[in-house]
Amino acid sequence: MLVSLVMNAADVTPAGGRVIVRTANAKAKPGDDLVEGHYGVLSVEDSGPGVDESALEHLFEPFFTTKDVGQGVGLGLATAYGIAKQSGGTISVTTAPGAGSTFAVFLPESLAGTCETIVVVETDAAVRDVLFEVLSDAGYRVVTAPTPAEAQRLAERLESSIDLILTELDETRAAALAESLIAAHALTLRKPYSPERLREAVRGALDVPAKG
């Protein structure tokens with residue numbers, strides 16, 4: 001998808017223009033053209049002429065192209081759109097004559113793969129296993145430990161920064177542990193909680209701007 005979108009953007013961008021690739025997180029709400037939930041967004045913006053209004057409704061149709069004969073068969077955008085829809089996402093287009101275009105690919109969080117690192121500190125081995133499975137399936141990199149001391153030992157071997165400490169500790173001790181591990185966030189969840197509640201709480205904690 002990225003190759004198709006960037007190539008299309010480059011084709012319509014004049015010399016000296018720009019093609020910008022961005023990533024972001026987004027949350028779909030009821031009424032949006034997506035299932036409610038969290039999404040990873042990959043956008044490709046160009047400084048080309050924009051898409052004519054008459055062509056907008058046909059952009060993702062197979063074999064539709066605005067390029068000259070011999071310069072494209074019109075399958076790139078259709079293929080990218082098909083992949084996004086089959087993955088539970090979509091592609092939106094923002095454009096205006098003479099103001100360029102932005103194609104934004106929305107993919108469900110579990111498919112987008114956030115690659116954020118979560119350290120789980122939980123004494124119950126069975127609960128640790130469940131937390132590992134649920135959070136890994138949601139696209140996070142997960143490390144589990146039974147105690148704060150073990151979490152400290154494991155953190156020293158991590159090659160990535162820690163985005164969140166998820167623990168049964170009270171808020172004060174959780175915050176202290178996060179500070180000692182140089183983690184961006186700390187989250188205490190009181191049992192019981194459902195997998196859905198877990199995912200929502202973790203995403204909510206990660207989306208809060210880190211202090212400092």
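Assorted remarks:
- Of all residues in segment 156-192, those that are at pLDDT below 90 and more than 24 Å from the chain's Cα centre (by Cα) total 5.
- Filtered residues of segment 8-49 (kept if over 19 Å from the mean Cα position of the chain (by Cα), surrounded by 14 or more Cβ atoms within 10 Å (Cβ to Cβ) and either aliphatic (A, V, I, L, M) or over 26 Å from PRO97 (Cβ atoms) (or both)): ALA9, VAL12, VAL19
- Enumeration of residues in segment 192-212 that are β-branched (Val, Ile, Thr) and more than 17 Å from ASP129 (Cβ to Cβ): VAL208
- Flag for GLY212 being in a loop (DSSP other than H, G, I, E, B), at pLDDT below 85 and not assigned by TED's automatic domain parsing to the domain that holds ALA126: yes
- In a residue-by-residue description of segment 165-185, the property of being among the acidic types (Asp, Glu), loosely packed, with under 14 Cβ neighbours inside 10 Å, in contact with a strand residue (DSSP E or B) (Cβ under 9 Å, 6 or more places away or on another chain) and in contact (Cβ under 8 Å) with a residue 60 or more places away in the chain applies to no position.
The values are calculated or read from the model by the stated rules, or taken from the named source; none is laboratory data. Source: prediction; values computed, not measured. Here Cβ is always computed from backbone atoms with ideal geometry, including for glycine, and neighbour counts include all displayed protein chains.
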